[in-house]
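Visitor: Mind looking over this structure? Questions follow.
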There are 2 protein chains.
Amino acid sequence: MRVYLAGPDVFLPKPHARVAALKEICARHGLQGVSPLDSHPHEPADWSALTEARRIALRNEAHMAGCAALIANLTPFRSPSADVGTVFEIGYMRALGRPVFGWSNSAETFSERTRAFLGVAGPLDADGMSIEEFGLTDNLMIDAAILASGGALFVQAVTESARWTDLTAFESCVAAVAARSVGHS
Amino acid sequence: MRVYLAGPDVFLPKPHARVAALKEICARHGLQGVSPLDSHPHEPADWSALTEARRIALRNEAHMAGCAALIANLTPFRSPSADVGTVFEIGYMRALGRPVFGWSNSAETFSERTRAFLGVAGPLDADGMSIEEFGLTDNLMIDAAILASGGALFVQAVTESARWTDLTAFESCVAAVAARSVGHS
């Protein structure tokens with residue numbers, strides 16, 4: 001089964017090595033990991049006239065269309081939330097009706113991270129805008145989409161230095177996708 | 001034409017007044033704005049057993065399914081990027097093949113905002129993770145989806161105090177949706 005690997009992993013210093021590590025774990029569980037770094041076998045010729053950014057975006061959409069599920073790295077990225085490119089892809093796969101799985105190397109709630117980020121103790125930020133208080137991992141659209149899609153969410157606390165290296169929660173996610181895919185190849 | 005109004009506007013101190021202002025502008029252009037704050041006329045009875053967060057998420061998905069286009073407030077929210085709930089919804093509507101329009105009260109590029117947020121001048125953050133350098137408004141999946149969907153993007157610089165009040169770029173967006181919808185009602 002082909003699984004799209006969404007996450008800010010592609011921004012890491014050695015993105016190809018990182019993606020190879022993710023794919024190796026997928027392979028060990030009988031899954032084929034598909035990455036935003038992969039070329040696409042059927043790219044329309046007219047994509048070559050597009051900017052690189054647009055070509056990457058259309059390629060990622062095509063990769064998702066060709067995958068049976070999505071695994072998202074929800075580890076907070078430059079904010080209290082997951083990387084927005086990843087979140088876009090979660091919404092995309094959710095609308096396609098395919099299962100979305102998520103993992104994160106932060107075990108704090110979204111509310112806790114948001115308050116720490118803003119430096120406030122109460123329910124509002126400095127603009128008087130409210131903070132989501134649902135005890136979830138991230139914005140409610142993300143957590144709810146994962147559950148409603150038939151996916152699952154795995155979070156674990158890791159040390160700050162292991163934030164972008166520890167793949168324990170990722171492997172839990174892969175195992176859950178593999179268990180679900182039995183009989184659905 | 002029904003248009004879904006995505007954005008962190010629902011977190012503002014007076015969310016109902018804000019949504020009423022957005023809908024009034026839509027109505028003036030012949031559009032019906034649909035907000036996450038609206039109830040849904042056909043909620044399945046079993047939703048009442050769900051948590052509030054899940055019910056809100058499913059309701060928003062149902063609202064989107066019933067709208068012909070989406071207008072997203074991309075004004076950066078607690079990060080260099082748009083609100084992640086909004087970004088989820090952009091991905092969702094993009095996958096449904098419907099036009100996505102965006103507006104923002106920040107005219108800086110995503111790269112500029114990310115560097116300012118991180119306090120770095122170069123192409124990498126403190127973890128050695130790269131910064132997108134495409135000169136776009138936000139992560140490439142967002143900008144590219146808006147263009148590919150047939151939508152449009154309106155940005156303008158406003159003073160910090162007008163960040164959550166100025167609706168000039170929003171109205172440009174509404175006018176563009178209305179112009180596009182002529183003959184498609």
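The values are calculated or read from the model by the stated rules, or taken from the named source; none is laboratory data. No experiment lies behind these values; they were computed from the predicted model shown. Backbone-built Cβ (ideal geometry, glycine too); neighbour counts: all protein chains shown.
Visitor: Does any residue of the range B:81-90 turn out to be farther than 24 Å from A:LEU147 by Cα, more than 9 Å from chain A (Cβ to nearest Cβ), buried (at least 22 other Cβ atoms within 10 Å of the Cβ) and modelled with pLDDT of 95 or more?
Guide: No: the range B:81-90 contains no residue that is farther than 24 Å from A:LEU147 by Cα, more than 9 Å from chain A (Cβ to nearest Cβ), buried (at least 22 other Cβ atoms within 10 Å of the Cβ) and modelled with pLDDT of 95 or more.
Visitor: Tell me, please, whether a residue that is in a helix (DSSP H, G or I), crowded, with 20+ Cβ neighbours inside 10 Å and in contact (Cβ under 8 Å) with a residue 24 or more places away in the chain can be found in the range A:113-128.
Guide: Yes: the range A:113-128 contains one or more residues that are in a helix (DSSP H, G or I), crowded, with 20+ Cβ neighbours inside 10 Å and in contact (Cβ under 8 Å) with a residue 24 or more places away in the chain.
Visitor: List pairs: first residue in the range A:58-72 and within 10 Å of chain B (Cβ to nearest Cβ) and at negative phi, second residue crowded, with 20+ Cβ neighbours inside 10 Å and aromatic (Phe, Trp, Tyr) anywhere in the structure, Cβ distance under 6 angstrom, at least six positions apart or on different chains.
Guide: Hits for this filter: A:MET64/A:TYR4; A:MET64/A:TYR92.
Visitor: Is it the case, given these coordinates, that B:SER172 is in a helix (DSSP H, G or I), of a type outside the set (A, V, I, L, M, F, W, C) and more than 30 Å from B:GLN32 (Cβ to Cβ)?
Guide: Answer is no for this residue.
Visitor: Inside the range A:132-148, can you point out the residues that are at negative phi, surrounded by fewer than 19 Cβ atoms within 10 Å (Cβ to Cβ) and of a type in the set (Gly, Ala, Ser)?
Guide: Across the range A:132-148, the qualifying residue is only A:ALA148.
Visitor: Among the listed residues B:ALA21, B:ALA45, identify the single one that is at pLDDT below 95 and more than 9 Å from chain A (Cβ to nearest Cβ).
Guide: B:ALA45
Visitor: Considering only residues of the range A:106-139 that are touching an Asp or Glu at 6+ places or on another chain (Cβ under 6 Å) and either basic (Lys, Arg) or within 30 Å of A:GLY66 (Cα to Cα) (or both), which is farthest from the other protein chains (Cβ to nearest Cβ)?
Guide: A:THR137
Visitor: Please verify whether the range B:136-148 includes one or more residues that are more than 28 Å from A:ASP125 (Cα to Cα), in contact with a Gly (Cβ under 9 Å, 6 or more places away or on another chain) and β-branched (Val, Ile, Thr).
Guide: Within the range B:136-148 (the criterion being more than 28 Å from A:ASP125 (Cα to Cα), in contact with a Gly (Cβ under 9 Å, 6 or more places away or on another chain) and β-branched (Val, Ile, Thr)), the answer is yes, since at least one residue qualifies.
Visitor: Just to be sure, is B:LEU147 part of a loop (DSSP other than H, G, I, E, B), at pLDDT 95 or above and either within 22 Å of the chain's Cα centre (by Cα) or more than 18 Å from A:ARG78 (Cα to Cα) (or both)?
Guide: Taking the combined requirement at face value, the residue does not satisfy it.
Visitor: Which residue, of B:GLY30, B:GLY97, B:GLY66, is in contact with a Lys or Arg (Cβ under 9 Å, 6 or more places away or on another chain) and farther than 29 Å from B:LEU118 by Cβ?
Guide: Checking each option against the conditions leaves just B:GLY66.
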